[in-house]
1. Could you please state, rounded to a whole Å, how far the C-alpha centre of the stretch 84-117 is from the C-alpha centre of the stretch 48-65?
2. S82 to I137: FRET efficiency via 1/(1 + (r/R0)^6), r the Cβ-Cβ distance, R0 25 Å, to the nearest 0.05?
3. Between rounded, prolate and oblate, where does the chain land on the alpha carbon gyration tensor, with a ≥ b ≥ c its root eigenvalues, rounded for a/c under 1.5, else prolate if a/b exceeds b/c?
4. Between Y145 and T7, what is the spin-label point distance in nm, taking each point 7 Å from the Cα along the Cα→C-beta axis?
5. When only C-alpha pairs under 8 Å and at least 6 residues apart count, what is the relative contact order of the chain, in percent?
6. Report, by chain and number, residues whose modeled amide H sits under 5 Å from the one on R107, excluding near sequence neighbours (fewer than 5 apart, same chain).
7. Near the amide H of V35, under 5 Å away, which other amide H atoms are found, from residues 5 or more places off or on another chain, if H is placed in the peptide plane?
8. Can you list the lysines whose alpha carbon is less than 17 Å from that of K116, not counting same-chain residues fewer than 8 positions off?
Amino acid sequence: MAGSGFTLLAVPVFSPLCNLGFALRREVFVIEQQVPPELEHDADDMTATHLVGVMDGSVVAVARILFKPEHAKIGRVAIARSHRGLKLGARLIEFAVEVAREKGQTRCYLESQADKVGFYARLGFAAYGDEFMDAGIPHLRMKNY
């Protein structure tokens with residue numbers, strides 16, 4: 001089965017696994033998508049709940065959750081190029097929603113790159129509002145409530 005042997009974990013900021021997640025974010029956002037490095041890393045990393053997906057000893061998926069009074073904001077979602085198409089992203093988002101619920105937040109929000117809206121819609125998120133630019137990439141706001 002695709003994705004078997006895939007382990008999802010919440011990890012402390014700057015732990016070895018979190019740092020590997022930061023490296024994956026840099027690879028996907030800064031190198032692949034040309035996001036300026038100063039926009040990719042921000043102060044929210046210090047207070048976020050960091051999630052990593054590990055397969056065959058490597059961090060191949062990453063996301064973070066910011067807990068706000070009104071919702072949990074899921075962001076910085078990235079899958080290693082070598083592991084795309086294995087449905088790991090769906091498992092990562094489902095895990096993020098589960099972590100949010102375990103911490104008492106039933107409402108989740110995210111800002112999807114416009115070309116990824118269908119992916120999040122299949123996972124129960126609905127787009128709303130106008131498209132906006134973030135780091136030069138079109139985005140839409142989405143929520144699951």
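The values are calculated or read from the model by the stated rules, or taken from the named source; none is laboratory data. Remember, predicted model here, so these are calculated numbers, not experimental data. Cβ coordinates were reconstructed from backbone atoms using ideal geometry, including for glycine residues, and neighbour counts include every protein chain displayed. Side chains included, ligands, DNA and RNA excluded: accessible areas come from the protein's heavy atoms. Shrake-Rupley method; radii C 1.70, N 1.55, O 1.52, S 1.80 Å.
1. After rounding, the separation between the Cα centres reads 12 Å.
2. Numbers: r = 22 Å, r/R0 = 0.88.
According to the calculation, E is roughly 0.70.
3. Numbers: a/c = 1.25, a/b = 1.15, b/c = 1.09.
The shape class here is rounded.
4. 3.2 nm
5. 19 percent
6. Residues meeting the criterion, in which the H sits 1.01 Å from N, are A72.
7. Here V30 satisfy the definition.
8. Here the lysines satisfying the reach criterion relative to K116 are K73, K87, K143.
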